[in-house]
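As structure tokens, the structure follows; a few thoughts come after it.
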Amino acid sequence: MAKYLDPKADLTFKRIFGEHPHLVMSLLNALLPLPKGQEIKDIEYMSPERVPRTSIGKNSIVDVFCKTKDGRQFIVEMQMYWSTNFKDRVLFNSAKVYVDQLEHAEDFTDLRPVYSLNLVNENFEKDIPEFIHYYRMVHEKYTEKVIDGFHLVFVELKKFQPQSIAERKMAVLWLRFLTEINKNTEEVPQELLENDEIREAIELVQESAYTREQLMGYDLFWDAVRVDREKATEAERRYKAGLKEGIEETARRMKSKGYAVEDIAEITGMTAEEIEGL
């Protein structure tokens, strides 16, 4: 019986999508909101070093950077856990890639859009039922008016339900591959094997396709993910603790100056009971 590795890990993700142009092209066409007639038909890889990293979480981000002959650029990231600054980092990276085009473009009219596809292994929009989130620059009132520079797509893998996008067959197949294939897989669903591209991707994550050294690196990746998550959790805990202390100090000062409890509550967001207890 074949054993499988998780395709979301650095080793496997980069082998599938960083070494096989037709597979990353299939993934992008399936998940990006590309207008009809603008599907990706060719792609070449670029150095991912052009995309900056932050210190926290750098070990648990897997990325692939590529472009088409017409100049459109694509950043594909596999983010193992959500952090509060992730959207900001995605925007920064996309802007960096966009601006770097000026090194080769003669004027601004030569600039081509940047697409950032971000696969996130956690839920982060808990108050929104959808799991695919598409951000772009649009007119506040006339949404058909668009500045075509940045297209940012975030996918919450753990919220994915096949029936929610059943009409998008390849999107369903790729997302099922990313969420269902792992070390616990004993039998691959037949519907995944029936598609040539998905079947090839499944073959690329068979444990037998990797050396002992590579498998050790695979295990180290997951160790790094756990460490990064702990660091991020601790950093967020400290931030929230500091924010809470700052709010309480503000409320305490307002109270000492004779502000009404209801006014303090409105400004700080604290309850009357919390203010009375200061």
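The values are calculated or read from the model by the stated rules, or taken from the named source; none is laboratory data. Bear in mind that the values here come from a model prediction, so they are computed numbers and not experimental data. A quick note on method: Cβ atoms are made from the backbone with ideal geometry, for glycine too, and the neighbour counts reach across all protein chains shown. SASA here: full protein model, heavy atoms, side chains in, ligands and nucleic acids out. Shrake-Rupley method; radii C 1.70, N 1.55, O 1.52, S 1.80 Å.
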Accessible area of THR250, 1.4 Å probe, to the nearest 10 Å²? 60
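Taking the range 114-149, which GluC sites (Glu not before Pro) meet the DSSP loop condition and have no more than 13 other C-beta atoms within 10 Å? Working shown, then result.
Values: sites: GLU122, GLU125, GLU130, GLU140, GLU144; in loops: GLU122, GLU125, GLU130, GLU140, GLU144.
Here the sparse-neighbourhood loop sites are GLU130, GLU140, GLU144.
Could you tell me what percent of the accessible area of the chain is made up of carbon and sulfur, with a 1.4 Å probe and every protein chain present?
On the way: 8160 of 15950 Å².
Exposed carbon and sulfur together represent 51 percent of the surface.
Determine the per residue accessible area of the chain with all protein chains present and a 1.4 angstrom probe, expressed in square angstrom.
Values: 15950 Å² over 278 residues.
Result: 57 Å² per residue.
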Which of ARG229, ARG252, ARG212 ends up with the largest GNM mean-square fluctuation for the chain, with Cα atoms connected below 10 Å? ARG252
Anyone know which of VAL155, VAL261, VAL120 comes out most mobile in the 10 Å Cα GNM of the chain? VAL261
Residue of LEU34, LEU91, LEU102 that the Gaussian network model of the chain assigns the largest fluctuation, springs spanning Cα pairs under 10 Å: LEU102
When every protein chain stays in place and a 1.4 Å probe is rolled, THR12, THR211 sorted by accessible area with the largest first are THR211, THR12
Nearest 0.05, what FRET efficiency do GLU39 and GLU103 give at R0 = 45 Å with Cβ-Cβ as r? 0.95
With charges only on Cβ, +1 for K and R and -1 for D and E, what is the dipole size of the range 136-189 about its Cα centre, in debye, rounded to 20? 120
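Take the Cβ-Cβ distance between GLU19 and LYS240 as r, set R0 to 35 Å, and report the resulting FRET efficiency rounded to the nearest 0.05. Please list the in-between numbers first.
On the way: r = 41 Å, r/R0 = 1.17.
Result of the calculation: an efficiency of 0.30.
Taking only Cα atoms of the chain, what ratio of Rg to Rh do you get with Rh as the Kirkwood inverse-distance radius?
Working: Rg = 22.7 Å, Rh = 21.4 Å.
Rg/Rh: 1.06.
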Counting only DSSP beta bridges with both partners in the chain, the antiparallel fraction in percent, to the nearest 5, comes to 55
Relative to the first principal axis of the alpha-carbon coordinates of the chain, what is the inclination of helix 169-180, with its axis defined by its Cα atoms, in degrees from 0 to 90 and to the nearest 10? 70
To the nearest 10 degrees, how steeply does helix 86-100 sit against the main Cα axis of the chain, on a 0 to 90 scale? 60
With -39,500 (n - 2.57) per DSSP H segment of 4 or more residues and division by the full residue count of the chain, the 222 nm estimate, nearest 500 deg cm²/dmol, is -13500 deg cm²/dmol
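Treating the beta-carbon of each Lys and Arg as +1 and of each Asp and Glu as -1, no other charges, what is the dipole magnitude of the chain about its Cα centre, to the nearest 20 debye? Walk me through the numbers on the way to the answer.
Numbers: 39 positive and 51 negative charges, 70 e Å.
Approximately 340 debye in magnitude.
For the range 103-195, just run the numbers: alpha carbon Rg, then divide by 2.2 N^0.38 Å, N being how many residues it has.
On the way: Rg = 17.7 Å, N = 93, 2.2 N^0.38 = 12.3 Å.
In units of the 2.2 N^0.38 Å rule of thumb, it is 1.44.
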For the range 110-163, which trypsin sites (Lys or Arg not before Pro) are both in a DSSP coil and crowded by at most 11 other Cβ atoms within 10 Å? LYS126, LYS141, LYS145
Which listed pairs, of LYS3/LYS183; LYS8/LYS183; LYS126/LYS169; LYS126/LYS159, have C-alpha distances above 18 Å, in listed order: LYS126/LYS169
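Can you tell me how much longer the chain between GLU191 and ALA95 gets when fully stretched, taken as 0.36 nm per residue apart minus their C-alpha distance, in nm with one decimal? Kindly include the intermediate steps, with their values, before the conclusion.
Details: separation 96, 0.36 × 96 = 34.56 nm, distance 3.87 nm.
The GLU191-ALA95 span can extend by a further 30.7 nm.
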Using only the alpha carbon atoms of the range 58-155, find the Kirkwood hydrodynamic radius as the inverse mean reciprocal pair distance, in angstroms to one decimal. 14.7
Going by accessible area, probe 1.4 Å, with all protein chains left in place, what is the ranking of MET216, MET78, largest first? MET216, MET78
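Based on the alpha carbons, how large is the Rg to Rh ratio for the range 3-51 when Rh follows Kirkwood? Show your work: numbers first, answer last.
On the way: Rg = 12.6 Å, Rh = 12.3 Å.
Computed over Cα atoms, the ratio is 1.03.
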C-alpha long axis of helix 21-31 to longest principal axis of the chain, angle in °: 50
Go through CYS66, TRP222, LEU243 and say which Cα lies farthest out towards the positive end of the charge dipole of the chain; charges sit on Cβ, +1 for Lys and Arg, -1 for Asp and Glu. LEU243
So if each residue of separation counts as 0.36 nm, and I subtract the Cα-Cα distance between ALA224 and ARG212, what length gain in nm does that give? 2.5 nm
Summing Lys, Arg as +1 and Asp, Glu as -1, what charge do residues with Cβ under 11 Å from the Cβ of THR68 carry, THR68 excluded? +1
